[in-house]
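Notes for the one structure printed next.
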Amino acid sequence: MNEHTIRNVVIVGGGTAGWMAAAALSRFLNNGVTRVTLVESEEIGTVGVGEATIPPLLTFNKMLGINENDFVRETGGTYKLGIEFAGWHNGQDRYFHPFGFFGQDLQGIHFHQLYLRERQRRVLPDISAWAMSAVAASRGKFARPADGAQSAVKDLLYAYHFDAALYAAFLRRYAEANGVARVEGKITDVRLRPEDGHVTEVVLENGQRIGGELFIDCSGFRGLLIEEALETGYENWQHWLPCDRAVAVPSRLVGDPDPFTRATARGAGWQWRIPLQQRMGNGLVYCSDFMSAEEAERELLANLEGEPLAQPRHLSFVTGRRKLGWNRNVVALGLSSGFVEPLESTSIHLVQSGIAKLIALFPDQRFDPIERDEYNRQMKDLYEDVRDFVILHYKATRRNDTPFWDRCRTMDVPENLQRKIDLFRGKGRLFRDGLELFATTSWVAVCLGQGIIPSEYEPAVDALDEDRVAHAMEQMRQGYLAVADQLPTHAEFLRRTGSLASPQPASPPPPPAPAADGPTFSFASESPFSFEGSPV
């Protein structure tokens, strides 16, 4: 500790972003000096466009010491092995973007290169037949690999679907148990220090003043601190991501929940389908240039699998990001920092990554600009990485059946994305820049799934014997099928781990301390599957 240590951190806004930040700071800034206060108003609703996540969230929960079985139960959650895309190539197609890997590389050559050569010799199944997560998802199966698991089961990577409001409540209990103070009230004024424009305090409707040295803006699209007070500016990406509206509605769950998200292309956008334990989350993301709110609502309701459980809720947004995620002494997280539509379930990951980078570059009261600039550089790169991958889905289509898809198919895209598309189209080559979020598997899944088929494959593949490669590939494929046959169904896994939520959840106790271990179940004494739930 020194005289410059941050004494008071103020988080403006709750919801998923606010309580993720509060939980993490309560865990990693528990130094006896730094206090964390979160200000939110129950009168102000929160916006949660999606309730699906990607695998890095497991790391976040593990760092907090959260028991996974408890977490899934208290959030009404289910497991997610990837995303099924329907209609994105020609309107009638389906492909699967799995978590994990495609097959096994041989002698340093990527598996998809082997696949490209082999598909020139004979008819092959879709490449997802060589992804453990995709094979399990296609059969409605799920299990957690045990520590040290061997065989194909170790390739079973996963994430979650959950009720975002219950997740925020779960993290609130965690954070408050660790000393975070919550203040109820609406903020009516933000006070700035005249000499440098730093925020010094926020003033509530009742006159209460809450001061601090570091402020975290989780106020949603409004950007109460980062934009209204500091006028940071916003970089608009609508020329690449034209959807600017969404309508969402929950519906009755029909049958057991699937262990995957589905994104179905529609005439002027796309529809999400996110299975939770007790309901289905549905929504239509669309472009208001081509569809009215009334038309969007009708289309969404016409394509539900079960009866709606509430009135549809309409949202509007502008895709893009703040020009600075960290400005002066304010760091923006969640919708305050920017928005990339939830097509690849990255919204919560962007919050998680912002928190992790803030902790890694946590300032003192002198606010070294080098730390701030590094944070902004890394978050800019991450946002643009996510942006380009989402744009790929729109650009890589052959649909010309509606004006919306005509626009997407013919639009210019960022130079970096076009370079990647051209490299892949030639010989299936992919190169990652720095710490990109989406790995080779993700790019291969979307490119092949949407009809970007390389004209050739890497010459190095021809150094491998064709028959031996074909035999190895078939062994891999059969291995994934054999493992999938051993897995429990997704619903059975939820039951056996005690992860099922009660029909009307009561207020559960705070999440356990990091040390607690849940019960362990197994198929046999040497089962490669784990039912224990702490830590994740």
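FYI, it's all coordinate maths here, none of it is from the lab. Everything numeric in this text was worked out from a predicted model, so none of it was measured. Don't worry about glycine lacking a Cβ; one is built from the backbone with ideal geometry, like all the others, and counts go over all protein chains shown.
Per-structure values
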{"item": "Sequence-distant residues sharing a close amide H with Val183 (under 5 Å, placed H)", "result": "Leu38, Val39, Glu40"}
{"item": "Sequence of Ser151, Ser133, Ser502 once ranked by neighbouring C-beta atoms within 10 Å, starting from the fewest", "result": "Ser502, Ser151, Ser133"}
{"item": "Bins of 5 Å, starting at 0 and running to the largest distance - Cα pair percent for segment 367-419", "result": "4, 18, 20, 15, 13, 10, 8, 5, 4, 2, 1"}
{"item": "Least to most buried among His198, His110, His314 (fewest other Cβ within 10 Å first)", "result": "His314, His198, His110"}
{"item": "Span per principal axis, largest first, for the Cα atoms of segment 236-309 (Å)", "result": "39, 24, 17"}
{"item": "From the C-alpha gyration tensor of segment 194-255, square roots of 5λ in Å", "result": "34, 21, 9"}
{"item": "Efficiency of FRET from Cβ geometry, Ser151 and Ser502, R₀ 35 Å, rounded to 0.05", "result": "0.45"}
{"item": "Burial ranking of peptide ranges 140-148, 470-478 (average Cβ count within 10 Å, highest at the top)", "result": "140-148, 470-478"}
{"item": "Geometric extent, Cα atoms of segment 393-507 - Rg, Dmax (angstrom)", "result": "21.1, 62"}
{"item": "Most to least packed among 479-490, 272-283, 14-25 [average Cβ atoms within 10 Å]", "result": "14-25, 272-283, 479-490"}
{"item": "Square roots of five times the Cα gyration tensor eigenvalues for segment 80-216, Å", "result": "50, 20, 17"}
{"item": "For the chain, fraction of C-alpha pairs farther apart than 43 Å, in %", "result": "18"}
{"item": "Sorted by Cβ neighbour density within 10 Å, fewest at the top, the residues Cys218, Cys287", "result": "Cys287, Cys218"}
